[in-house]
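The numbers here are math on the coordinates, done by the rules we state, and not lab data. Quantities reported herein were computed from a predicted structural model and do not represent experimental measurements. Neighbour counts are summed over all protein chains in view; Cβ atoms, including those assigned to glycine, are modelled from backbone coordinates with ideal geometry.
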Amino acid sequence: MTEKYRLVVLASGNGTNLQAILDACDNGTLPAEVVAVISDRKNAYALQRAMDRGIPALYRPWGVYQKAGKLRTTYDLDLAVLVNLYEPDLIILAGWMRLLTMSFLEHFPEMVLNLHPALPGTFPGTDAIARAFDAFQRGEIPHTGVMVHFVPDEGVDEGPVIATEIVPIYPDDTLEMLESRVHETEHRVFVEAIGKVLEDE
Ligand code: GAR
């Protein structure tokens, strides 16, 4: 059997995208395995999803560094050392809500992929779906979307685009309806984008 690609997943939240990746690894859609999941939030359900599968689930809080008067670049360098231990082929940001500095990124050129629940150049940062929903109500945008991109530098939710897909918004949508449509799209597009990058390896 050919060796599988090694993915390290960084996630701050629920981890539904991590779950989509785990399922795609299990059913052979991705020729890969998740070798570690790291979170900056203790209660991130993503950690539980990893533990349920016996995958190393590591909690790395920024607060400990902050209290000790350490810089975010120190946190990021330590994070890079930790990630490197798992010898990843790709590092997947699946709802990782901390900006990574070059102290981390310089060690992993063209290896870090991020998912963002909006189209390229729109609604960077948090609450992108809610902000798109509000913008639609004001008549400012006709639709929203999702994108997967490489993370070359400290730009927020920007970088060379790997995949993008439009997600429609309908006039009688509630925010919850739009959120679930965006998440469903993400789960598919993210797996496809990871597969595409692995094919090119
Ligand atoms: C996803 O919607 C992802 O696009 C978003 O966090 C969510 C994580 O969901 N990321 C960002 O907003 C990055 N700016 P999940 O924990 O269920 O996978």
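Listing for the model above:
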{"item": "C-alpha long axis of helix 175-199 to longest principal axis of the chain, angle in °", "result": "50"}
{"item": "Helix axis angle, 128-137 relative to the chain longest principal axis, alpha carbon, degrees", "result": "10"}
{"item": "Relative contact order (%) - criterion: Cα under 8 Å, at least six apart; region: the chain", "result": "19"}
{"item": "Viscosity 0.692 mPa s, 37 °C: Kirkwood-radius Stokes-Einstein D of the chain over Cα pairs, µm²/s", "result": "189"}
{"item": "Rg to Rh, two decimals, where segment 77-157 supplies the alpha carbon set and Rh follows Kirkwood", "result": "1.07"}
{"item": "Segment 156-195 residues near the modelled Glu110 label - backbone nitrogen below 13 Å, point 7 Å along Cα→Cβ", "result": "160"}
{"item": "Per DSSP, loop trypsin sites (Lys or Arg not before Pro) in segment 74-181 with at most 11 further Cβ within 10 Å", "result": "Arg138"}
